[in-house]
Amino acid sequence: MSEETKEVKPIILEVYKENTTITIDLPVAYVTRFNQMLLEFIPFKDQDHFNEVMKRVQEGDQSEPFSYNVTTLLSFLNLVEDSARKQGHLKNVEFNPETKEQKDI
């Protein structure tokens, strides 16, 4: 029995160019969803776990996957916030933590 050599055809993939910057228009509603995902979807066990992960993030410790992924999400949100600030898309509000009410100032 002879082995047949099967020809492997190359495929064309679209990939990101290295060392470039992507400029996008990002609706605020989408950014809000990312914030919500951080607080509701990422499975923090409890407040202590959240604090522990945030401490690792602040220290730049990405040695375990959970902290690495939280760092990625926070870095994205910080990038968006910095861009929004530079473009004048942020405003100050007065927030009452007891009533959850806020008003523009």
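Checking the condition modelled with pLDDT under 90 and either surrounded by 11 or more Cβ atoms within 10 Å (Cβ to Cβ) or not hydroxyl-bearing (Ser, Thr, Tyr) (or both), which residue from 3, 7, 98 passes?
Checking each option against the conditions leaves just 3.
In region 24-34 there is no residue that is over 23 Å from residue 90 (Cβ atoms) and either within 16 Å of the chain's Cα centre (by Cα) or not in a loop (DSSP other than H, G, I, E, B) (or both). Residues in region 50-105 that are in a helix (DSSP H, G or I), in contact (Cβ under 8 Å) with a residue 12 or more places away in the chain and β-branched (Val, Ile, Thr): 53, 57, 70, 71, 80. Take the conditions (1) out of contact with any helix residue (DSSP H, G or I) (no Cβ under 8 Å at 6 or more places or on another chain); (2) at pLDDT 90 or above; (3) not in a loop (DSSP other than H, G, I, E, B); residue 39 misses just one of them, which is (2). Taking (1) among the polar types (S, T, N, Q); (2) surrounded by 10 or more Cβ atoms within 10 Å (Cβ to Cβ); (3) assigned to a loop (DSSP other than H, G, I, E, B); (4) modelled with pLDDT of 90 or more in turn, residue 19 satisfies each apart from (2).
Within region 16-33, residues that are within 12 Å of residue 80 (Cβ to Cβ) and in contact (Cβ under 8 Å) with a residue 40 or more places away in the chain sit with their Cβ atoms under 8 Å from residues that are of a type in the set (Val, Ile, Thr) and surrounded by 10 or more Cβ atoms within 10 Å (Cβ to Cβ), at 6+ positions apart or across chains, in these pairs: 26/80; 31/80.
The values are calculated or read from the model by the stated rules, or taken from the named source; none is laboratory data. Everything quoted here is computed from the prediction, not taken from an experiment. Note that each Cβ is placed from the backbone with ideal geometry, even for glycine, and that neighbours are counted across all protein chains shown.
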